[in-house]
Amino acid sequence: MKNSFDDIYEVVRLIPHGRVSSYGAIAGYLGGKGGARMVGWAMNASHNDDTIPAHRVVNRNGVLTGKAFFGGNRMQELLENEGIIVKNDKIQNFKELFWSPTKELL
DNA sequence: CCCCTGACGGGCG
DNA sequence: TCGCCCGCCAGGG
């Protein structure tokens, strides 16, 4: 446990197929190692790592805030490819698709 | 060392 | 429900 970005990467990797999570949820699960911003920042750094499904991580509104970093609508396509409905850069049925590491991960 | 910015979140009017 | 402001942590100029 590097107690750093690796923690975030590990949690993101644990996100089930067809499910999504939020920056704040991951940050809260790690326990305020920083803020939700740090999670997104780590995601940026993880861009080199193609093993990190960063497209499954969105903000609390279920909006694909980081879709620009994927290039065009790449993030949306990846999500739709997993059966997730995205409308206007926003995940539909987000509440049900939401995967909380604190509650569902033990 | 100081100031600004950022894939965010919560509070308030 | 929408919009504005403040707080958190780290990096860059």
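Straight-line reach from A:Lys67: taking Cα to Cα under 23 Å and skipping same-chain neighbours fewer than 8 places apart, the lysines in range are A:Lys87, A:Lys90, A:Lys95. To put it simply, the accessible area of chain A at a 1.4 Å probe is 49 percent carbon and sulfur. Working from Cα pairs under 8 Å separated by at least six residues, relative contact order for chain A is 32 percent.
Think of a 1.4 Å ball rolled over the protein heavy atoms: the range A:5-97 then has 56 Å² of accessible area per residue.
For a Förster distance of 30 Å, can you work out the FRET efficiency between the beta-carbons of A:Thr51 and A:Lys103, rounded to the nearest 0.05? Once rounded, the FRET efficiency stands at 0.75. Sorting A:90-96, A:63-69 by average packing, meaning the other beta carbons within 10 Å per residue, from highest down gives A:63-69, A:90-96. The length gained on full extension between A:Ile85 and A:Arg13, counted as 0.36 nm times the residue separation minus their Cα-Cα distance, comes to 23.9 nm. Taking other residues whose beta carbon is less than 15 angstrom from the beta carbon of A:Phe98, and scoring Lys, Arg as +1 and Asp, Glu as -1, yields +3.
Projecting label points 7 angstrom from Cα along Cα→Cβ for A:Lys33 and A:Gln92 puts them 3.6 nm apart.
The values are calculated or read from the model by the stated rules, or taken from the named source; none is laboratory data. Fair warning: this is a prediction, and the values are worked out from it, not measured in the lab. Cβ sites come from the backbone with ideal geometry, for glycine too, and all protein chains shown count toward neighbours. Ligands, DNA and RNA are excluded from the accessible area calculation, which covers all protein heavy atoms including side chains. Shrake-Rupley method; radii C 1.70, N 1.55, O 1.52, S 1.80 Å.
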